Amino acid sequence: MNKTHRHLYDVKAVLRPGRRIMARAAFPLFLSCLALLPRVPGQTSEAGLEFVDMRDSSGVAFLHTGGSPEKKYIIDTVSGGVALLDHDNDGDLDLYFVNGSSLDILSGRASPVRNRLYRNDGNFRFTDVTDQAGVGDTGWGMGACAADFDNDGDVDLYVTNLGPNVLYRNNGDGRFSDVTAKAGVGDSRWSTGAAFADYDQDGDLDLYVANYVDVDFQKLPEPGQSKYCYYRGLPVMCGPRGLKPASHILYRNNGDGTFTDVSQPSRIAEAPPAYGLGVVWGDYDNDGDSDLYVANDSMPNFLFRNNGDGTLDEVALLAGVALSEDGKEQAGMGVDFGDYDGDGWLDLYKTNFSDDTNNLYRNLGDNFFEDVAHKTGHGETTWSYLGWGTSFFDFDNDGDLDLLAVNGHVYPQVDGKGVGTSYRQRPLLFENRGGTFVEVAAQRGAALNQPRSSRGAAFGDLDDDGDVDVVVNNMDDLPSLWRNEGGNRRGWIQFDLRGTRSNRSAVGARVTIWVGKRRQIAEVKAGSSYLSQSDPRLHLGLGEARRADRVEIRWPSGLVQTFTDLEGNALYEIREGDSRPRRAAR
């Protein structure tokens, strides 16, 4: 995360096709200052569409705790995932916020804080049901993902911690049981990103867990202690450089409520230990099985290509997604797969540390990606921001994928020091304008212009009105609940998939829709963004159309189903093998 010495004083200009010549010294600082200034609203493609923060009237009183206010140690800086899940099977999305902790809490000098579950009561009103549900873990929380790991028809919850992780099994009555010990997934190290997928296509969900740093609470390095404990000459928390990276784990679901660590036989253990953070599964090579991308902090990233035989090969360097466009290690945080250009191949987005740009890797369809961040409008715009949670999503329902990244620094010490960045930062909202992006947060409501030190972000239709809302977990702060107002003026279609031969949550299922000649694809995920879980229902914008001409579903089992002439502005519930979709009541 601490990139103090890497290129702050490298004044050589770097030239790439479609990219400006950038001197990595005075010019980035100039851009940093410009980027933090308020933007002047301009012409937009959809007047009146805005995001409104509903937190104050929502009933959500969660307050995140993230270590010391001065962020003295690295353990104080990276907590804060959020999960959207229908825990009570009533058809709407509930909210699960992951809380952190502090050394004072661990030593008994302060009271423990807890993760919180809020039941969706409709119209952006929520009730705290943590105690009733039994999911108020008091560990030093990092993130969460959710899916039906035991195929019994309700969604289960996995929580990663600095310390033992927790697997909560849904009992089907609004309550959960801690089955961590029986399941064998309670890694006691420092876990961060986690995601479910049926990597071996046997009909149940397996689990990948990224770990971060092998940390010793008795030997935490102090600010200024080494060369890795400075930023722009300021003494700050140390790491992760200079600290020992951790190995990651792949758990295979045995189908009986237990998991087996298959890191060795699957070959993911052949990748070196790394500072792992964001995790996402997706079929990037269109061969019918789920591949895995891991954003590593201050180290090359991982892309595990699924061989379809129980093994995965790490191919990030060969595929062009291990390093920056100019071949340097980056500090990756949040990740997502999505087809932003409508060519039928999943592209990849990754947020990074400040003094760097986020990556938009365009999938070229030949097992190789090209970083087109500069060509498409993400380069200089993201330079001074430190990005975390992110997702491809069609916020305006115009039929293509936009992007949002929430931001916030890890060093409170930067404020007022004239270093071209700040601790609290606003989000960046990139509107897709036919394959290039324009940053439009200032035009989309005051909620998107409030600076926070944000971490996890989850995306989903919380009020079931046909557009995508956003929930953000903010460091040492109340969360943000951004209601999308006006996105549903255009057409949309949603799919709630249920596997029968495939895993019950249908994780890994791909939906392709055609509206005229335009094609869109989307896959069901269980874990993405930054340590977070978004709506497992698939949402696709229709633009000015009123129906999808053709819909194809490719299930993880290999079954392919096709439906025609589906009316828009509707949620369709589809069980694997059904002869026709069922339109859900809203």
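Taking every C-alpha pair closer than 8 Å and separated by at least 6 residues, the mean separation divided by the residue count of the range 64-109 gives a relative contact order of 42 percent.
Relative to the current alpha-carbon distance between K244 and A181, full extension at 0.36 nm per residue lengthens the span by 20.0 nm. Under the rule a/c < 1.5 gives rounded, and otherwise a/b versus b/c splits prolate from oblate, where does the chain land using the Cα gyration tensor? It is rounded, given that a/c, with a ≥ b ≥ c, falls under 1.5. Scanning the chain for GluC sites (Glu not before Pro) that sit in a DSSP loop and have at most 14 other Cβ atoms within 10 Å, the longest stretch containing none of them is 71-543. Calculated mean residue ellipticity, 222 nm, the chain: -1000 deg cm²/dmol, from DSSP H runs (n ≥ 4) at -39500 (n - 2.57) each, averaged per residue and rounded to 500.
The order of T65, T436 by accessible area, most exposed first and with a 1.4 Å probe, is T436, T65. Here the range 449-576 has an Rg and Dmax of 16.0, 49 Å, counting Cα atoms alone.
In this simple spin-label approximation, R575 and R519 carry label points 7 Å from Cα along the Cα→Cβ vector, and these lie 3.1 nm apart. For the range 286-416, the solvent-accessible area works out to 21 Å² per residue, with a probe of 1.4 Å and every protein chain left in place.
Can you bin the range 211-336 into rounded, prolate or oblate? Criterion: square roots of the alpha carbon gyration tensor eigenvalues sorted a ≥ b ≥ c, rounded for a/c under 1.5, prolate for a/b above b/c, oblate for the rest.
oblate
Carbon-plus-sulfur fraction of the accessible area of the range 432-483, 1.4 Å probe, in percent? C and S fraction of accessible area: 47 percent. Treating cross-link reach as a plain straight distance, find the lysines whose alpha-carbon is under 24 Å from the alpha-carbon of K328, omitting any fewer than eight places away in the same chain. List returned: K3, K12, K227, K244, K350, K375. Just report the Cα centroid separation between the range 414-480 and the range 302-345, whole Å. Taking the Cα centre of the range 302-345 as reference, the centre of the range 414-480 is 24 Å away. Each of D465 and N89 was given a label point 7 Å from its Cα along the Cα-to-Cβ line. The distance between the two points is 3.0 nm.
By the gyration tensor of its Cα atoms, with a ≥ b ≥ c the square roots of the eigenvalues, what is the shape of the range 75-162: rounded for a/c under 1.5, prolate for a/b over b/c, or oblate?
Prolate is the answer for the range 75-162, as a/c is 1.5 or above and a/b outweighs b/c.
Under 20 Å from a label point set 7 Å out along the Cα-to-Cβ vector of R583, the amide N atoms of the range 491-509 belong to 491-498.
Averaged per residue, what accessible surface does the range 462-586 expose to a 1.4 Å probe, in Å²? Numbers along the way, then the final one.
Working: 4590 Å² over 125 residues.
About 37 Å² of surface per residue is accessible.
Placing pseudo-labels 7 Å out from each Cα toward the beta carbon at A442 and D343 gives an inter-label distance of 3.3 nm.
The charge dipole of the chain, taken about its Cα centre with unit charges on the Cβ atoms of Lys, Arg (+1), Asp and Glu (-1) only, comes to about 1880 debye. Can you compute the label reach from K219? Point 7 Å from Cα along the Cβ direction, backbone N cut-off under 20 Å, restricted to the range 182-208. From the range 182-208, the list is 188-191. Counted residue by residue at 0.36 nm each, then reduced by the alpha carbon distance between them, the extension gain from A61 to V560 reaches 175.2 nm.
The values are calculated or read from the model by the stated rules, or taken from the named source; none is laboratory data. Here the structure is a predicted model, which is why all the values come from computation and not from measurement. Cβ: placed from backbone, ideal geometry, glycine included. Neighbour counts: every protein chain shown. Accessible surface areas use protein heavy atoms only, side chains included; no ligands, DNA or RNA. Shrake-Rupley method; radii C 1.70, N 1.55, O 1.52, S 1.80 Å.
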